[in-house]
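This is the structure I want to talk about, given as structure tokens.
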Amino acid sequence: MLSVIFALAWPTMLEELMQTAVQYIDTAMVGTLGTQATAAVGATGTVSWLVGSTVSAVGVGFLALISQSYGAGDKERAKRASAQAVMMTLVVGLLFTAITTLLSGKITQWMQVDVSIRAMASQYFLILYSPMLFRTASIIFATVLRSVGDTKTPMRVSLNMNLINIVLNFLLIYSSREVRLLGLTIPIWGVGWGINGAAVASAVAYTYGGIAMTVRLWKHPDLSPKGYRFLPDGEILKPCWKVAFPNMLQRFGTSLGYVAFAAMINALGDTSTAAHTIANTVESLFYIPGWGMQTAAATLAGNAMGARDGKKLKSLAGTLLPLEVGLMVISGGLLAIFAPQLMSIFTRDPQVKELGTTVLRMVAVSEPFYGVPIVLEGIMQGTGRTVPPFVFNILGMWCVRIFGTFICTRFLGLGLIAAWGCMIGHNLLLFALFAALFVTGRVYPASLREEH
């Protein structure tokens with residue numbers, strides 16, 4: 001079981017690592033332009049989560065159906081589902097392109113972005129979301145490929161996307177300049193577009209990713225939709241929608257909570273916004289073991305469900321949970337130790353650095369607890385049980401994080417540290433709820449529960 005888990009997880013971990021590295025590089029490059037530039041880029045970051053996670057929920061519906069079909073040996077049904085994923089990608093991608101581009105000027109107002117950086121943040125957002133169709137294709141098709149255990153293709157495409165993004169960042173953010181290297185003066189060409197250059201670099205990378213992932217899907221021996229209809233197929237869409245809809249509500253509801261959370265932090269001023277943005281970027285590196293294990297959990301749980309193998313499902317959970325908690329203990333410890341050095345990569349502002357270091361050390365304590373719901377949610381996604389995670393995540397987000405932050409910042413006059421305290425409370429509630437589900441055996445579908 002361990003060898004299979006790592007075979008599925010390591011490409012996703014490497015992919016996440018590279019994406020996080022690019023986030024680090026993006027934030028560091030923009031950080032050299034000043035605190036306002038960092039705040040403008042980060043001010044609408046939670047809207048990106050809202051859009052991206054809603055699109056990902058569509059992919060989860062197809063992941064559950066395809067992984068179960070593949071586990072049952074029904075490759076014909078898997079290919080039909082792949083064709084339906086193409087159709088849904090077109091619908092969802094075009095819909096979100098229209099919504100994000102038309103509302104780009106309003107979103108910064110709703111997010112309570114400081115007036116001094118509102119125009120800059122709006123323009124950045126508009127450029128970033130212009131290629132939303134391609135971004136949708138890269139997200140959904142990557143999930144479809146992972147559902148049959150192909151985690152290496154999304155990893156390779158992601159690595160190329162990240163390389164494109166870094167090179168274009170280097171050329172588009174800064175003006176032409178000279179660099180001293182080994183005693184030589186080397187002229188470097190640059191456009192000098194600032195944060196708009198960072199947005200263009202990301203937009204080009206997303207466009208490449210969507211095209212490349214589409215080509216890989218079309219060539220895949222077990223999933224190619226060639227020769228299949230791209231009209232709605234109720235037999236496929238109904239079970240996909242049954243899984244995807246609660247997951248979509250969960251992701252939409254929690255991401256909307258992130259938007260509300262960020263709006264309250266934006267209202268605290270540039271220093272809090274910059275510290276929050278950078279700390280979020282730093283923290284994302286230390287969740288990589290969790291997301292890698294969740295991918296493996298979802299795929300293997302779906303395969304076990306399709307094969308009606310309850311013992312394999314139990315073995316999967318028993319192997320993944322201690323492994324995940326151990327990895328998150330290590331990552332949380334490293335985060336606590338190196339928080340000041342990591343903050344220093346992105347900012348020279350002593351206030352931003354000190355504030356970010358404090359909240360990072362706070363959240364490091366909760367990392368091992370958060371590893372449990374990450375893995376168990378992956379298992380439940382693979383088996384198609386997305387309603388309990390929806391309920392748990394909405395409760396945690398709105399009743400603990402948002403309500404708590406609202407009370408702390410608006411009525412008690414507290415700042416970013418209190419807001420992150422509420423975020424940690426949210427994570428601990430998720431741990432308690434998912435752990436209770438696991439102990440009682442209700443993580444597994446009722447049809448396989450007796451074997452547990």
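The values are calculated or read from the model by the stated rules, or taken from the named source; none is laboratory data. As the structure is a computational prediction, the values presented were derived from the model and not from experiment. Ideal geometry is used to build each Cβ from the backbone, glycine not excepted, and the neighbour counts take in all protein chains shown. Side chains included, ligands, DNA and RNA excluded: accessible areas come from the protein's heavy atoms. Shrake-Rupley method; radii C 1.70, N 1.55, O 1.52, S 1.80 Å.
In the range 144-163, what residues are surrounded by fewer than 23 Cβ atoms within 10 Å (Cβ to Cβ) and either in contact (Cβ under 8 Å) with a residue 60 or more places away in the chain or closer than 26 Å to M88 by Cβ (or both)?
Scanning the range 144-163 gives G149, D150, K152, T153, M155, R156, L159, N160, N162.
Quick one: would you say A83 is in contact (Cβ under 8 Å) with a residue 40 or more places away in the chain and either under 19 Å from A203 (Cβ atoms) or open to solvent by 40 Å² or more (accessible area, probe 1.4 Å) (or both)?
no
For the range 1-105, please list each of the helices (runs of 4 or more DSSP H) lying entirely inside it that holds at least 1 residues being over 30 Å from W193 (Cα atoms) and more than 21 Å from the chain's Cα centre (by Cα).
Helices (runs of 4 or more DSSP H) meeting the threshold: 2-31, 45-71, 75-102.
This table checks each residue for (1) over 30 Å from Q351 (Cα atoms); (2) open to solvent by 40 Å² or more (accessible area, probe 1.4 Å); (3) in contact with a Leu (Cβ under 6 Å, 6 or more places away or on another chain).
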site	(1), (2), (3)
I374	yes, no, no
E377	yes, no, no
Q381	yes, no, no
F392	yes, no, yes
R410	no, yes, no
G421	no, no, no
L430	yes, no, no
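Please tell me if R216 is modelled with pLDDT under 85 and open to solvent by 50 Å² or more (accessible area, probe 1.4 Å).
no
Taking the range 175-203, which residues are closer than 26 Å to M120 by Cα and open to solvent by 50 Å² or more (accessible area, probe 1.4 Å)?
S175, S176, R177, W189, W193 - these are the residues of the range 175-203 that are closer than 26 Å to M120 by Cα and open to solvent by 50 Å² or more (accessible area, probe 1.4 Å).
So R118 passes all but one of these: (1) of a type in the set (K, R); (2) under 18 Å from the mean Cα position of the chain (by Cα); (3) over 26 Å from M248 (Cβ atoms). Which condition number does it fail?
Of (1) of a type in the set (K, R); (2) under 18 Å from the mean Cα position of the chain (by Cα); (3) over 26 Å from M248 (Cβ atoms), only one is false for R118: (2).
Within the range 110-135, can you find the residues that are assigned to a loop (DSSP other than H, G, I, E, B), open to solvent by 40 Å² or more (accessible area, probe 1.4 Å) and modelled with pLDDT of 85 or more?
S130
OK, next. Could you check K106 against (1) buried (at least 20 other Cβ atoms within 10 Å of the Cβ); (2) among the basic types (K, R); (3) over 30 Å from I66 (Cα atoms) and say which number it fails?
Of everything listed in (1) buried (at least 20 other Cβ atoms within 10 Å of the Cβ); (2) among the basic types (K, R); (3) over 30 Å from I66 (Cα atoms), K106 misses just condition (1).
For the range 112-152, what are the residues that are under 20 Å from V47 (Cα atoms) and of a type in the set (K, R)?
Once the filter is applied, which keeps residues that are under 20 Å from V47 (Cα atoms) and of a type in the set (K, R), the range 112-152 yields R118, R135.
Please tell me if S138 is modelled with pLDDT of 90 or more, among the hydroxyl-bearing types (S, T, Y) and open to solvent by less than 60 Å² (accessible area, probe 1.4 Å).
yes
Select from the range 239-249 the residues that are open to solvent by less than 10 Å² (accessible area, probe 1.4 Å) and of a type outside the set (A, V, I, L, M) and list them in ascending order.
C240, N247
Just a yes or no: is a residue in the range 359-366 open to solvent by 10 Å² or more (accessible area, probe 1.4 Å) and either under 20 Å from M264 (Cβ atoms) or in contact with a His (Cβ under 7 Å, 6 or more places away or on another chain) (or both)?
Taking every residue of the range 359-366 in turn, at least one turns out to be open to solvent by 10 Å² or more (accessible area, probe 1.4 Å) and either under 20 Å from M264 (Cβ atoms) or in contact with a His (Cβ under 7 Å, 6 or more places away or on another chain) (or both).
State all residues of the range 141-192 that are assigned to a helix (DSSP H, G or I) and either at positive phi or among the charged types (D, E, K, R) (or both); if no residue qualifies, say none.
Answer for the range 141-192, where residues must be assigned to a helix (DSSP H, G or I) and either at positive phi or among the charged types (D, E, K, R) (or both): R146, K152, R156.
If you scan the range 156-185, which residues turn out to be of a type in the set (S, T, N, Q) and over 35 Å from the mean Cα position of the chain (by Cα)?
Correct list: T185 only.
Within the range 253-358, considering only helices (runs of 4 or more DSSP H) that don't extend past its boundaries, which have at least 1 residues that are within 16 Å of E377 (Cα to Cα), open to solvent by less than 30 Å² (accessible area, probe 1.4 Å) and not charged (D, E, K, R)?
In the range 253-358, the matching helices (runs of 4 or more DSSP H) lie at 288-306, 310-346.
With touching a Gly at 6+ places or on another chain (Cβ under 8 Å) and modelled with pLDDT of 85 or more as the only criterion, which of K226, K242 stands out?
One residue alone meets the criteria, K242.
Somewhere in the range 204-212, is a residue hydroxyl-bearing (S, T, Y), assigned to a loop (DSSP other than H, G, I, E, B) and under 30 Å from L126 (Cα atoms)?
There is no residue in the range 204-212 that is hydroxyl-bearing (S, T, Y), assigned to a loop (DSSP other than H, G, I, E, B) and under 30 Å from L126 (Cα atoms).
At least 3 residues that are free of Cβ contacts under 8 Å to residues at least 40 places away in the same chain in each: list the helices (runs of 4 or more DSSP H) lying fully within the range 373-441 that qualify.
Output list reads 416-439.
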